[in-house]
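Some notes on the structure that comes next.
The values are calculated or read from the model by the stated rules, or taken from the named source; none is laboratory data. Computed from a predicted structure; not experimentally measured. Counting neighbours? That spans all protein chains shown, and the Cβs are built from the backbone with ideal geometry, glycine included.
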Amino acid sequence: MSLKDTWFRNKLKKKATRGFHGYPAATIAYYGPDDLRATKVAVGIVPEKDGQVAFVERWLDTDGDVRRNAQINEEIVDFLEKQGVKSVAMADRILGCPHEEGIDYPDGVKCPQCSFWANWDRFTGLVIQ
């Protein structure tokens, strides 16, 4: 892992651990084929209290892990700065499959491409039966 990658990764983690400092706020969520490798990151911006997500950007790294991709982490930091983000919430784990319900597969069904996530609860991180 390069020094540049570590610097941007640490900057994102630091922003997330600072807690709430006002709006605009950002959410950062990682997705991947399993719970070890993140191939997608989605960043959403909520501009005001009780507001909806106004801007969403997604980055993909199908060959590696987006969490260790210096260019992607730099672009995320730049995106947050351009949006004037004051608070960041970031999950401490990969939340689920990188495919989007209603876009990549029909609503209400499990992703046909990601059997690993078929019995996982993305909110608790626990296996469900």
- Note on the structure: Every listed condition ((1) out of contact with any Pro (no Cβ under 7 Å at 6 or more places or on another chain); (2) in contact (Cβ under 8 Å) with a residue 40 or more places away in the chain) holds for L126 save (2)
- Message: Can you tell me which residue is nearest to the chain's Cα centre (by Cα) among those in the stretch 82-129 that are closer than 23 Å to E57 by Cα and among the β-branched types (V, I, T)?
- Response: I94
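May I ask you to list the residues in the stretch 38-64 that are of a type in the set (K, R) and more than 14 Å from A91 (Cα to Cα)? Give the steps one after another, and end with the answer.
If we filter the stretch 38-64 for residues that are of a type in the set (K, R), which is where we start, we get 40, 49, 58.
Correct list: K49, R58.
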- Message: Please verify whether T39 is in contact with a Gly (Cβ under 7 Å, 6 or more places away or on another chain), of a type in the set (S, T, Y) and under 23 Å from G125 (Cβ atoms), treating the condition exactly as stated.
- Response: yes
- Residues located in the stretch 28-59, provided they are under 23 Å from F8 (Cα atoms) and among the hydrophobic types (A, V, I, L, M, F, W, C): I28, A29, L36, A38, V41, A42, V43, I45, V46, F55, V56, W59
- Of the numbered conditions (1) farther than 25 Å from A118 by Cα; (2) at pLDDT below 95; (3) not aromatic (F, W, Y), V46 satisfies every one except a single condition; which is it? (2)
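Step by step: first the residues of the stretch 70-120, then only those that are among the small types (G, A, S) and within 19 Å of V41 (Cα to Cα), then the one that is modelled with the lowest pLDDT. Which residue is that?
Just the residues of the stretch 70-120 that are among the small types (G, A, S), to begin with: 70, 84, 87, 89, 91, 96, 102, 108, 115, 118.
Okay, now just the ones that are also within 19 Å of V41 (Cα to Cα), so 70, 87, 89, 91, 96, 102.
Working: A70: 89, S87: 95, A89: 93, A91: 86, G96: 91, G102: 91.
For the stretch 70-120, the residue satisfying everything is A91.
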